[in-house]
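Derivation of every value follows stated rules applied to the coordinates shown; laboratory data play no part. These numbers were taken from a predicted model, which means no experiment stands behind them. Virtual Cβ from ideal backbone geometry, glycine too; neighbours counted across all protein chains shown.
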Amino acid sequence: MTFLQSTFSNFSQKTARFLAAAACAGGLLSASLPAHAGPLTGTYTLSPSQIETGFSVRVLGRGPVTGAFTNVSGKMILNQNRPEKSRVEVTVDLSSVTTNNNKVTGFLKSSAMFDVAKHPIAKFQSTRVRITGQNTAEVDGVLVMRGKQKRTTLSVTINPNSKGRVAFEVSGAFFRSLYGMDAGLPIYADRVNLNIKGTGRRS
């Protein structure tokens, strides 16, 4: 296996913790919550310690590979009565990307991939929320990375827990080639899958 193949074998949901963060926040803002959950309208803080953002990439002839972002933060403004007016903003520190291989992690930070020296931050901002169930929604938004802006959609599930908190789970994807990260195609898939879990805390 070449170094590039090894790199992409470890390149994988949560790229995006970036989108993962965005996804999480988006989910919180969008869902139509059950009446017994109580009034959730307000502003919520998304802290790095409360979010798990992972990503995965399919590889031809073998199983998917995974990675994560450890420094993701943001803010969400929930409107329980009118979910479509909810908003979320998420910021991902791309230098916090991690994999199980130091060389792969370094490659992901290089100019061939995230280029953290020039573009250390990725951002997601919601543009529309569509309710799909009692506690589920789809959140449309714009993901900014490496100086490029592209639209993406996240599927969100919301589960209220203790007072002043709400748990969320987000799934989605983006195509890395749209951001200039096309190394390894087509052996390593263009689609980066996201899987995000976390808790929002009322500010």
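Magnitude of the charge dipole for the range 68-192, about its Cα centre and with charges confined to Cβ atoms of Lys, Arg (+1) and Asp, Glu (-1), is about 300 debye.
Residues in the range 109-120 carry Karplus couplings, in order, of 7, 6, 5, 6, 10, 5, 6, 5, 5, 9, 9, x Hz; the curve used is 6.51 cos²θ - 1.76 cosθ + 1.60 with θ = phi - 60°, and Gly or Pro positions show x.
Seen from Val144, the other residues with C-beta closer than 9 Å to its C-beta sum to a net charge of +4, counting Lys and Arg as +1 and Asp and Glu as -1. Its Cα centre serving as origin, the range 37-111 has a Cβ charge dipole (Lys and Arg +1, Asp and Glu -1) of approximately 180 debye. Rounded to the nearest 20 debye, the dipole magnitude of the range 144-189 is 200 debye, with +1 charges on Lys and Arg beta carbons, -1 on Asp and Glu beta carbons, and the Cα centre as origin.
Does the range 129-193 come out rounded, prolate or oblate by the C-alpha gyration tensor, with a ≥ b ≥ c the root eigenvalues, rounded set by a/c under 1.5 and, if not, prolate when a/b is larger than b/c and oblate if not? Walk me through the intermediate numbers first.
Working: a/c = 2.67, a/b = 2.39, b/c = 1.12.
Prolate.
Legend: residue pairs Lys109/Lys150; Lys118/Lys197; Lys75/Lys123; Lys103/Lys148; Lys75/Lys197; Lys123/Lys197, Cα-Cα distance threshold 23 Å; pairs beyond threshold, Lys118/Lys197; Lys103/Lys148.
Packing-wise, with mean Cβ within 10 Å as the measure, how do 175-188, 66-79, 143-156 rank, highest first? Write out the running numbers ahead of the final one.
On the way: 175-188: 16.9, 66-79: 22.2, 143-156: 18.4.
Highest mean packing first, the order is 66-79, 143-156, 175-188.
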